[in-house]
1. Find the relative contact order for region 29-155 and round it to a whole percent, using C-alpha pairs within less than 8 Å whose residues are 6+ positions apart.
2. How big is Rg to Rh over the chain, alpha-carbon atoms, Rh as the Kirkwood inverse-mean-distance radius?
3. For the peptides 126-132, 205-211, 239-245, what is the packing order when you average, over each peptide's residues, the other Cβ atoms within 10 Å and list the highest mean first?
4. Test of understanding: extend the Cα→C-beta vector of ALA268 to 7 Å, then name every residue of region 44-58 with backbone N under 18 Å from that spot.
5. Hey, can you grab everything whose amide H is under 5 Å from the amide H of LEU109? Only 5+ residues off in sequence or another chain; H modelled, so Pro and N-termini drop out.
6. For region 111-269, what value does the Rg/Rh ratio take when both radii are computed over Cα atoms and Rh is the Kirkwood radius, given to two decimals?
7. So what's the net charge close to ARG265: Lys and Arg +1, Asp and Glu -1, counting the other residues with Cβ under 11 Å from its Cβ?
8. Which cross-chain or sequence-distant (5 or more) residues have an amide H under 5 Å from the amide H of LEU219, H modelled 1.01 Å from N in plane?
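A short reminder: the numbers here are calculations on the coordinates, not readings from a lab. Everything numeric in this text was worked out from a predicted model, so none of it was measured. Neighbour counts run over all protein chains shown; Cβ positions are idealised from the backbone, glycine included.
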Amino acid sequence: MGYLALIVVMLLLIFVVVPRLRLRAVLARAFPTNYAKILRRNLPEYRHMPTDLQMQLKRRIKQFLYEKNFVACAGLVLNDEIKVTIAGKACLLLLNREIEIYPSLTHILVYPGSFVVPRQQRNEDGTIMQSHQALSGESWSDGRVILAWDQIVDNEHVQSMGQDVVLHEFAHQLDSENGSTNGAPDLPSTQAYQRWSQVMQAEFERLHEDLAQGIPTVLDPYGATNPAEFFAVATEAFYKKSRLLAEAHPALFAQLKQYYKVDPREWAF
Ligand SMILES: [Zn+2]
C-alpha cells in the first residue's frame, strides 16, 4: 500500500470509523435513571407521550449529549439537569424523522439568566445608534445556540404564555440548515416549498392584521417580526398550545404537523 493510501486509511479510521463505533457504543448504553427523572420533571410532554416516542427521544438525547458541547457562561455551573432538559426539548423537534441531529450545531452556551448583547440600530436620519438588549435565547447559523437557563424551567410566566425558548431557538437551527434563515426549513420538494410559502405567508399576514385590530392571538406577537421569527413562534405554539393552534389555525397546524411528523395534541396535558 502506498504512503498516500495509508494516510487516507488512517484519516478514515480517525474521522469516520472510530466516531461511528463510539456513537454506537453510546447509543447502546442504558438511559441513566436520573436523566429519565429530569425528563419527567422538566418535560411534561415526555410524561404523556406514547412509549415509542419516549424511546426515540431518549435515543436522540443520548446522541445529542454525545455530539454537542455545552459551555457554561457568566458563572453558571453546568449539571445533568441543564444538559438533559435542553437536549430533551431540542430533540422533541426531531421525533419520527430520519434526519441528523442539528448537523451544523456544535456549541450550546448557557447563561444563568438573560444575557445582554450589543445591538446596532439605524435611526431615520441614517445615523447608527448603539444599544444593548437583554435576551433569553439566540441562535446562530455558525453552530451556536445561546440560552438563559432561568427562562427554561420553573418560569410560570413564560409557561403560561405557551412560550418555549429552547423550541424557538432550535426551530431557527432547523430553518438555517438549508443555507438561509428565512422561515422555510429543509423541505422535500419544490411543491412542498410552494405550499409552505403559501400557508406561512397567509398566516403571517393574518397575524399582522389581528395585531393591528387588537384581536388576541394564539401566536406570540413577536412572530410578526419577520418570516423566520414567525416559523420559530409557530413551532412554539405547535408544541405548547397544540389544541388552540389546531382550532384557530388549522392550515398552519396541518403544515407543521406534516413537517414535524408528530401531533402534539396526543400528549397535550
Ligand atoms: Zn427568534
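1. Contact order relative to length: 23 percent.
2. 1.00
3. Descending packing order for the listed peptides: 239-245, 205-211, 126-132.
4. Inside the label zone: 44-50.
5. Hits under the 5 Å cutoff: VAL71, VAL145, ILE146, LEU147.
6. When Rh is taken as the Kirkwood radius, the ratio is 0.98.
7. 0
8. For LEU219, whose amide H was placed from the backbone, there are no distant partners under 5 Å.
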